[in-house]
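Working notes for the structure below.
What follows is calculated from the coordinates using simple rules that are stated; it is not laboratory data. Predicted, not measured: the structure shown is a model, and the values here were computed from it. Backbone-built Cβ (ideal geometry, glycine too); neighbour counts: all protein chains shown.
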Amino acid sequence: MHSDTHLLLHHLRAAELAAEARTALPREPRALRAQLGWILVELGLRLTQQAPHRQARLA
């Protein structure tokens, strides 16, 4: 592929992704704050879960 064509396609895709990101973000700062809060709660719950305790078996 020619480098100019590749660069043009890259810019078009970057513009599409930027437009998609703008529409995906919540409109209100409070909504963003609430979304971030729930993400942190989920992360905290995942961190507190422990794997089952396993004991070493002796042969």
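A few points about this structure:
- Mean residue ellipticity at 222 nm, helices only, the chain: -24500 deg cm²/dmol; runs of at least 4 DSSP H residues each add -39,500 (n - 2.57), and the sum is divided by the number of residues.
- Degrees, to the nearest 10: 29-48 long Cα axis against longest axis of the chain: 30
- Between the labelled values (i) 8.5; (ii) 4.5; (iii) 9.8, the entry that holds mean projected area of the Cα convex hull in nm² as derived from this structure is (iii).
- Listed residues 50, 5, 34: farthest to the positive end of the dipole of the chain (Cβ charges): 50
- Charge dipole magnitude, Cβ of K and R +1, D and E -1 - the chain, Cα centre, debye nearest 20: 440
- Against the chain, whose longest principal axis comes from its Cα atoms, helix 3-24 is set at around 60 degrees.
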